[in-house]
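Novice: Here it is, the structure, as structure tokens.
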């Protein structure tokens, strides 16, 4: 259900209702510009991941800086992006359910639509639906380069599935999906690089095998905020699916190397609603305002204040030293532990600059799990 | 943003789109009836917690069985309940922000509204707003009986605050809020009982002190699914704020004693979207379909299938023995690890009975954090 926005355009930041999901526009634009500058002049394009931002406004900001389109995990997420003006969407996931496949091919009449596969019967179902709808669907074979989630094995298994795709009227073999999400968060840069390099080697080997079979990979898509420079420099990837780089979070701020070039632009603005004892404050943001799946949120710009635990609608803060000056009604800027599922709790971004609310962006793919 | 419902009334359960939040109506009604039967004929009434269900339909089912009204954590949650036909709401929380207080007193023109306090300046703000709006707001003094969150200390501190409330035109001292949420989940029954008994002793002492000051506690409200029988038998509590008992979850299913009388009625219905290797299946429900703050979901009725980890939109299942028969497209019934924040991810309950969808209930307080 759509909730009321917690602010109005033009309002001072101090008047934003809490809890609210707030974007620092200067930091956000820095992040978008940095990614665009890194990829500019290379053969690699950004396909920003909508599973992070859930918002066509953000997708269009990425596209205005050179992104080819959006990456989505769900058909409903892709529908929300196309409804919002995105003309090229890759569903970086397997779509198996019959009605979801029907919606996917219907969407292909309105935009360039790509989807991933890792199963030959699923390929048959996609092909039949595409033919019935009179569209030609672009298909990437997903390979598992270490994620231990979806995808066929790199090498011969991928080639066999790609041949099966290429043989189907209604489908177009478009290349490979190779995303190593688990490696993105290996904190030490050399260990992370080593993991990603094994993934890159798997991709290169598979692309070479495909080429020998006459199957060209128009797209090799993957890579996230923790590793995109390595995939971009590999000479074999030509799309980067980073999402978190726009906003960042506690988890990514711990990662060594280039993710640190991105600035924290996303905050949950909370307010102190109880101040029962000197060493404790309670804020109005708990499990329904912050996802704690990767740990507690950080506290921005306040010494001696630690977010200790979250219940449904409360955040309990431990106060020490100067932190004990925190008073009833005071605002606290929290850095989400994990940006993606935190954003998915909200209907609106409150975009701020220079102490004022500059824009309110609707998170139209919030809750889009179908 | 409101998403499309994943089902239609009359549809066979096998056709529900996934992931979906599904209520087994027989189990749900068993739970509602059991709670009503336990409290029937006593001086204790249920005030079901809307932070769990977020849905006026559920609140009205509780009220039809004798509940006095709803408990809410947020003003916006209370507004959603009143909009849906609930005539008596307790905001079991401190409301500090000026605009939230204005909305609270406005709501008091449409329904019986109670709120909690733990700070004298907040009492003054509530009183001023109530007088300005021409309403008389019922106020409970929140005491901390072991939760280490909000609330003043039991005893003299509570009495002092109650006197301050009672002295304000515009406010009515209505009693005590004493909720010991942290004790609800102590698994061993005797340890949990011991914790709750210390809370009950604190409440009894405070009620007696208040009485000596001429301050009658019309309401003593608190207690959850893990302890409600003890508070209900205490002779001092007269409202029970249980929420989870309607639905249950993995966390509560581990708790010894009477919570086990309630049946699991809430499920996330997911589907297998990838079946890459014999020992692994991937379902279409991850962090945006299931809150994992209290651990991974359970798998209902399938031997050899374990929900191992969740990423944004994927659930990775480990398969052993007979579990390896799980096939692409198969449905999996998941038991949420923690029901409240899981429900808050959805716009619709799909209520099923006898293999068919019987109703679709809108979760109108989904995302109501303001």
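Quick note: the coordinates plus some simple rules give every number you see, no bench work behind them. Quantities reported herein were computed from a predicted structural model and do not represent experimental measurements. Quick reminder, even Gly has a Cβ in these numbers, built from the backbone with ideal geometry, and neighbours come from all protein chains shown.
Novice: Working from Cα positions, state the angle (0 to 90°, nearest 10) between the long axis of helix B:25-39 and the longest principal axis of chain B.
Specialist: With both axes taken from Cα atoms, the answer is about 30 degrees.
Novice: I've got another one for you. Of A:314, B:53, how do they rank once you tally other Cβ atoms within 10 Å and put the fewest first?
Specialist: A:314, B:53
Novice: Based on the Cβ-Cβ distance of residue A:112 and residue A:182, what FRET efficiency does E = 1/(1 + (r/R0)^6) give at R0 = 30 Å, to the nearest 0.05?
Specialist: That pair, residue A:112 with residue A:182, gives E of 0.55.
Novice: Take every Cα-Cα pair in the stretch A:42-247 and report what % of them are more than 20 Å apart.
Specialist: It works out to 53 percent of all Cα pairs.
Novice: Relative contact order for chain A: what is it in percent, counting Cα pairs under 8 Å that are at least 6 residues apart?
Specialist: Relative CO of chain A lands at 21 percent.
Novice: Ranking A:311, B:70 by Cβ neighbours within 10 Å, fewest first, what do you get?
Specialist: Lowest count first: A:311, B:70.
Novice: Cα centroid distance between the stretch A:82-127 and the stretch B:155-171, in Å?
Specialist: Rounded to whole Å, the Cα centres lie 62 Å apart.
Novice: Specify the angular offset, from 0 to 90 degrees and rounded to the nearest 10, of the alpha carbon long axis of helix B:120-133 from the longest principal axis of the alpha carbons in chain B.
Specialist: Tilt relative to chain B: about 90 degrees.
Novice: I would also like to ask the following. Tell me the angle of helix B:189-212 to the major Cα principal axis of chain B, expressed in degrees between 0 and 90 and rounded to the nearest ten.
Specialist: For helix B:189-212, the angle is close to 20 degrees.
Novice: Relative contact order for the stretch B:43-95: what percent, with Cα pairs under 8 Å and sequence separation of 6 or more?
Specialist: RCO, the stretch B:43-95: 36 percent.
Novice: In a GNM of chain B with a 10 Å cut-off on Cα contacts, which of B:328, B:34, B:161 has the highest mean-square fluctuation?
Specialist: Of the options given, B:328 has the highest mean-square fluctuation.
Novice: Between residue B:216 and residue B:156, how high is the FRET efficiency from 1/(1 + (r/R0)^6) when r is the Cβ-Cβ distance and R₀ = 22 Å? Nearest 0.05.
Specialist: FRET efficiency, residue B:216 to residue B:156: 0.80.
Novice: Say we join alpha carbon atoms closer than 10 Å with springs in a Gaussian network model of chain A; which of A:320, A:142, A:256 then has the biggest fluctuation?
Specialist: Highest fluctuation among the options: A:320.
Novice: Could you calculate the FRET efficiency of residue B:330 with residue A:303 from 1/(1 + (r/R0)^6), where r is the beta carbon distance between them and R0 is 41 Å, rounded to 0.05?
Specialist: The formula returns an efficiency of 0.20 here.
Novice: Separate question: Give the order of A:268, B:283 when sorted by the count of other beta carbons within 10 angstrom, beginning with the fewest.
Specialist: A:268, B:283
Novice: For peptide B:270-280, how many partner chain Cβ atoms fall within 10 Å of a residue's Cβ, on average?
Specialist: Mean partner-chain Cβ count within 10 Å for B:270-280: 5.
Novice: In whole Å, what is the distance between the alpha-carbon centres of the stretch B:327-343 and the stretch A:223-247?
Specialist: What the calculation gives is 32 Å, centre to centre.
Novice: Got the relative contact order for the stretch A:42-247 handy, in percent, Cα pairs under 8 Å and 6 or more residues apart?
Specialist: 19 percent
Novice: A follow-up question, please. With respect to the symmetry axis carrying chain A onto chain B, which residue of chain A exhibits the smallest Cβ distance to that axis, and what is the value in whole Å?
Specialist: Of all Cβ atoms in chain A, the one nearest the axis gives A:2, 3.
Novice: Compare A:225, A:42, A:52 in a GNM of chain A, Cα atoms joined below 10 Å, and give the one with the largest fluctuation.
Specialist: Top of the fluctuation ranking is A:42.
Novice: While we're here: Considering only the protein assembly as shown, what is the antiparallel percent among its DSSP beta bridges, to the nearest 5?
Specialist: Antiparallel bridges: around 45 percent, rounded to the nearest 5.
Novice: Once label points are set 7 Å from the Cα along Cα→Cβ at both residue A:40 and residue B:201, what is their separation, rounded to one decimal in nm?
Specialist: Using points 7 Å along Cα→Cβ, the separation is 7.1 nm.
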